[in-house]
Structures are given as C-alpha cells and as structure tokens.
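Just below is one structure, and these are the notes that go with it.
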Amino acid sequence: MRTIVDWHIHSKHSRACSRQLELPMIDVWCARKGIDIVATGDWTHPAWFAHIKENLEEVRQGIFRLKSTATPSSSPLRESESSSEPRTALERGRIESGTEFMLVQEVSQIYKKGDKTRRIHNLIFSPSIETCEKVIAELTQRNFNLKADGRPILGIDSEDLYKLLKDIDEKIILVPAHAWTPWYAVFGSKSGFDSLEECFGSMTKYIYAIETGLSSNPMMNWQLSSLDSVVMISNSDAHSPRNLGREANVFEFPKPPTYDEFVRVLREQDAKRFKYTIEFYPEEGKYHFDGCASCQFSCAPEESKRIGERCPTCRRLLTLGVHHRVEALADRDALSVLNRKIPFKSIVPLAEILAEVYGVSSTQSKKVEAEYLRMTDEIANEFTLLLDTPIELIRAHASNANLATAIERMRAGNLKIRPGYDGIFGAVKIFGEDGPPAAKQSSLL
C-alpha cells in the first residue's frame, strides 16, 4: 500500500499563512493532491490545539482522522468569494477525502552557543494528544509565548530542548527542519552549525532524519559522509493549501502504519518501506544560489568565491545559498553512495505546469484552476497524474495537447531552470522562455 506523507505544514495561526489552513480544508486539499498522511502543524498554539482536539479522532496509534462533524469554513480555492459563486468540485465532494494526520509541528529556536547567535528550526513529532498537552504545559511553565505564532520562538538550546522532550515522552522525536536554509537551520550559513553533533551534542544519537528543504535535494546531502547516520525526508512547509505536497515522502506498507512504525522506518533507514522522496527542483528554492536580492544579482558558488563573496554593485556581502554551503561541508562525490541511498523523484507542481501551458503568469488564474480541478476529478489526484498516469491517457483528456508533452518532459528532467537566491524563488520552465508551441484548445474547458 503506497502511502504519501507530508510532515511539515502550518496552520492559519502561523505568520504569513493562509486563513484557509484549517483541518477540514487541509483534508480536502490533501485528497486532491494525493497526500495520505499530513502533519497537523502548530499544535503548541492554544487556538489551533483546541481545533485539533475538536476535529480529530485517533484511528491508530499516533494517527488521526477528521471526525464526521468537521466541515470547511471557507472555499478551497479563493481567500474571499461571494456566496453567489458556484461551489467548487472540492466542496461538492467529488473527491473522496480520507486524509490522516500526525501531530508534527515546527518550532523556532534562537539562542547563544559558542560565539554565535543560533537560529534553528526543528520539527517535533508527538505520539499523542496527551504528550502534546504535557509539552505545552512545560513550555508554558518556562514562560515561552505560545500564543503569538503557530511556530513559536523558544529561547532554548537544541540539545536541551531535545532532552526536555525525551524526559516528557521517550517516543517524541526531533528532526532538523529545512536543514540548509541560510537564516534558520541547523546547517544555515548565517546562524547554523557545521555538524549535527555541534548542535545536538549527546542527543545526536536520537536524530534519525533531517529535512532537506526546498533549496536542496537528497543528492546534495549525500556529499556529506557525516550524514550517513540519518535519512533524508522532504516536506512542503506549506503556508497555504495550494502548496501542500510540493515535497513529500513515499512509503510502502503491508498494513496501515502507526506512529511507532514510522519512527522505526526512519531510525533504521528501512528502504523496504521508505521507497523515495518527492522533490521540488532545488534550483527553484529561494536560497539555492548565492546572491543579493536588492541588486538582483545571483551566481554559482565558484563565481561568488572569485568576487570575494560581495555583490559587485553594492559591495555588501552576498547571502550564501544552500549550494554554496553544501559544497563547503562536502567531503565526497554523491555518486559514490548512490546505490546505498533512498532515491528521489523531482516534480513540477501541476498548477505551475498548467500556467506555463496556458501562457499565464498566475497559478491561480481561472483557466488554470478550472483545468486543475477537471483533471484531478476525471483522471487522478495530482501525484498520480505527475508520476504514474500514462501520457496517452493525459493527452486524451487534457484541454491543451501541450499538457501531456509538458508532463512527459518533466518526468524526463528536460527543463530550463533559473536558480533562486537571497529569498527570491527560482523559475522552472519546461518549454523555455518562449513558452509552449501553439496548440489547439479542445472544447472541454
């Protein structure tokens, strides 16, 4: 049984996140995307934790599902719609949802260690509602502000936090989030460390996985022999329902998995159960290359070294990207261990492909939305469409003949990519800057 999992999302209570991020809405979007299990996110936030307890019920150890009484409070597609507009396919129930949830959330830690201020983001996996309650009580007692943000800021060392969590419940695990992001990550060039041991000390033995983040992929991480002790996971870090599943993890289980089974698979790097990760093209991540956003300058690591790591226009230090940071710590060629690692597949989200096919700038245009809903209604969910559906079947159903060609090219990795840098997302083009060839539109749309 294939199980696709996204362990890193946020709620409407996190800064800069969509107000649509409520559990019923997450549920229907996961069904549309093809996500079987998703994180709740943000369970330390009082209002969100109340929402979790009100809407979820446990179906297996550490695995939850929506109660039958849970309903969305807003439209799946637009932040604001008039009641006169027709209900979408999601709301009409044409996609059957049965999404399951796990109690996983991100925390932000800012603290002094050595001669630097560290800014680290970690994911906390909790096995139960009761364990969450104990963690919340302990953090509250320490006067951490859990109400201000779904991703709270904790002034505590990562090693000390992990010890505290393990004292509360030994089943809790902690995973470094988006491990290479320059500003907030365990290996971040601005505030991180050079090794897991430097960050987690005696608790490093309980670090079973790291999250690669949007700006790196597993192969980049395989260049570090020090990371052989952990497995690479990939998640969306979604701030809106549309971005759910832009990265994910694919497992194969003989029966529905429990929390303990997932932890075992990560701890043992069980490739029989953990089949592959689904990856954003890392160049599209907003911290892949080195650069200066103010001057719209970016470059590869070798060029930034040549120019003294300063912007040639304003002379400020460049923000060194993930590619640069990985190369600085790398000690081998990733190809030398390729056969010993859990593989990955790279995708371009369906809405991005449709926007390029139709020659529009927004993935939220009415034309893109209509075709996205129709294709995922009539053929398959997004992951199945992108990864598995025969190209001829896509061609037979698509309103634009270029869609099948685009998905075929994406599967082959035949793309044009402009890397992101210094907070600016990169761009992945399937047909190049000139766009797709003219194609006859069918009457389906």
Residue tally, condition aromatic (Phe, Trp, Tyr) and either within 25 Å of the chain's Cα centre (by Cα) or modelled with pLDDT under 95 (or both), over segment 113-163: 2
For the condition of a type outside the set (S, T, N, Q) and modelled with pLDDT under 95, what is the one hit in 183, 222? 183
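Per-residue answers, yes or no, for (1) aromatic (Phe, Trp, Tyr); (2) over 25 Å from the mean Cα position of the chain (by Cα); (3) buried (at least 18 other Cβ atoms within 10 Å of the Cβ):
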{"position": "357", "(1), (2), (3)": "no, no, yes"}
{"position": "373", "(1), (2), (3)": "no, no, yes"}
{"position": "388", "(1), (2), (3)": "no, no, no"}
{"position": "393", "(1), (2), (3)": "no, yes, no"}
Do you know which of the residues in segment 241-278 that are more than 22 Å from residue 98 (Cβ to Cβ) and hydroxyl-bearing (Ser, Thr, Tyr) is surrounded by the most Cβ atoms within 10 Å (Cβ to Cβ)? 277
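From the list 298, 294, 304, pick out the single residue that is over 23 Å from the mean Cα position of the chain (by Cα), assigned to a loop (DSSP other than H, G, I, E, B), within 20 Å of residue 426 (Cα to Cα) and small (Gly, Ala, Ser). Let's see the steps before the verdict.
Numbers: 298 fails: assigned to a loop (DSSP other than H, G, I, E, B); 304 fails: assigned to a loop (DSSP other than H, G, I, E, B).
Every option except 294 fails the conditions.
Residue 431: of a type in the set (A, V, I, L, M, F, W, C) and under 22 Å from residue 244 (Cα atoms), yes or no?
Values: of a type in the set (A, V, I, L, M, F, W, C): yes; under 22 Å from residue 244 (Cα atoms): no.
Spelling it out, it is not the case that residue 431 is of a type in the set (A, V, I, L, M, F, W, C) and under 22 Å from residue 244 (Cα atoms).
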Given the conditions (1) touching a His at 6+ places or on another chain (Cβ under 8 Å); (2) under 12 Å from residue 122 (Cβ atoms), and given that residue 181 satisfies all but one, which numbered condition is not satisfied? (2)
Members of segment 1-34 found to be in contact with a strand residue (DSSP E or B) (Cβ under 8 Å, 6 or more places away or on another chain) and among the charged types (D, E, K, R), listed by number: 2, 6, 27
Residue selected from segment 15-41 under the condition on the phi > 0 side of the Ramachandran plot and touching an Asp or Glu at 6+ places or on another chain (Cβ under 8 Å), by the criterion surrounded by the most Cβ atoms within 10 Å (Cβ to Cβ): 41
Of the conditions (1) surrounded by fewer than 19 Cβ atoms within 10 Å (Cβ to Cβ); (2) part of a helix (DSSP H, G or I), residue 165 clears all except one; give me its number. (1)
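Give me the helices (runs of 4 or more DSSP H) completely within segment 345-445, filtered to those with at least 2 residues that are of a type in the set (S, T, N, Q), ordered by residue number. Break it down stepwise before answering.
On the way: elements: 350-358, 366-378, 382-387, 391-397, 402-412.
The qualifying helices (runs of 4 or more DSSP H) are 402-412.
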Based on what the data block shows, is residue 202 under 25 Å from residue 115 (Cα atoms), crowded, with 17+ Cβ neighbours inside 10 Å, in contact (Cβ under 8 Å) with a residue 40 or more places away in the chain and in the same structural domain as residue 49 (by TED's automatic domain parsing)? no
Given the criteria crowded, with 20+ Cβ neighbours inside 10 Å, out of contact with any helix residue (DSSP H, G or I) (no Cβ under 7 Å at 6 or more places or on another chain), assigned to a loop (DSSP other than H, G, I, E, B) and in the same structural domain as residue 259 (by TED's automatic domain parsing), does residue 121 qualify? no
Residue, surrounded by the fewest Cβ atoms within 10 Å (Cβ to Cβ), within segment 124-155, restricted to residues that are in contact with a Phe, Trp or Tyr (Cβ under 9 Å, 6 or more places away or on another chain) and either among the β-branched types (Val, Ile, Thr) or part of a strand (DSSP E or B) (or both): 153
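Each row is one residue, and each column tells you yes or no for (1) of a type outside the set (Val, Ile, Thr); (2) closer than 29 Å to residue 2 by Cβ.
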site: 271; (1), (2): yes, yes
site: 275; (1), (2): yes, yes
site: 286; (1), (2): yes, no
site: 310; (1), (2): yes, no
site: 319; (1), (2): no, no
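The values are calculated or read from the model by the stated rules, or taken from the named source; none is laboratory data. Predicted, not measured: the structure shown is a model, and the values here were computed from it. All Cβ positions, glycine included, derive from the backbone under ideal geometry; neighbour counts span all protein chains shown.
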